[in-house]
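Engineer: One structure follows; several queries about it will come next.
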Amino acid sequence: MNLPNISLKDLKIQLGVFTLGPFSFDFPVGSLSLIRGANGSGKTSLLRCLLGRIRQSAGHINGLPHQIGSVGSEGLLMTSWTVEQNWNFILGLLGKKTEPLPSALSLIRSKRVSHLSLGQRRKAELLSLFSLSLPLYLLDEPFSPLDQSERHFFLNELKALKTKGVTIIMTTHDEDLLTEKPAAILELPRSIQS
């Protein structure tokens, strides 16, 4: 993939009395970057802004690809559908032909998402997204409901995605689990109340 860095220029997000920015920052393409900050500093708001779910009040975002995978900042799967129905829906949104469900999801393929534990739901979200070839993943505390072995499994999956040139921007309170240093770290200050 030959994509530009994701560049934030004088970005400002205003949500009621909460203000984030203005600031500028570049997330290098084809690498893992971290957004770090205290609870309430705006990490999730920034990811939702990158997704286009909330609008910035000033500044520009450049270099975002059209297809973005996201986990954590909002629910990915339809809770009334089965895991397999969600998989087929995601494929359809991406304009992909039918592809087999990842084998790790075969045991829960016919379960409704609402009947899954938080850990099973997150595993289904991550396996679904990581099985697709998307240029950018935005991950908000992706490993929080997973056990230790599952966290290590998905960290290895992130490494594999990086070798394919995928850009990963994530937040995590488990930074010590990362086996390699992020290419870039955006430090957010404590939230500013207007």
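Engineer: Does L64 satisfy being assigned to a strand (DSSP E or B) and modelled with pLDDT of 90 or more?
Structural biologist: When the stated conditions are applied, L64 does not pass them.
Engineer: If you check E180 against the conditions, is it of a type in the set (D, E), modelled with pLDDT under 90 and over 13 Å from the mean Cα position of the chain (by Cα)?
Structural biologist: It is true that E180 is of a type in the set (D, E), modelled with pLDDT under 90 and over 13 Å from the mean Cα position of the chain (by Cα).
Engineer: Within the stretch 120-147, track down each residue that is farther than 17 Å from E84 by Cβ, buried (at least 22 other Cβ atoms within 10 Å of the Cβ) and not hydrophobic (A, V, I, L, M, F, W, C).
Structural biologist: R122, Y137, P142
Conditions tested, residue by residue: (1) in contact with a helix residue (DSSP H, G or I) (Cβ under 8 Å, 6 or more places away or on another chain); (2) of a type in the set (D, E, K, R); (3) closer than 21 Å to T167 by Cα.
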site: L8; (1), (2), (3): no, no, yes
site: K12; (1), (2), (3): no, yes, no
site: G21; (1), (2), (3): no, no, no
site: L32; (1), (2), (3): yes, no, yes
site: N39; (1), (2), (3): no, no, no
site: K43; (1), (2), (3): no, yes, yes
site: R48; (1), (2), (3): no, yes, yes
site: Q56; (1), (2), (3): yes, no, no
site: P65; (1), (2), (3): no, no, yes
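The values are calculated or read from the model by the stated rules, or taken from the named source; none is laboratory data. A quick note: this is a predicted structure, and the numbers were derived from the prediction, not measured. Glycine gets a Cβ as well: all are built from the backbone with ideal geometry, and neighbour counts include every protein chain shown.
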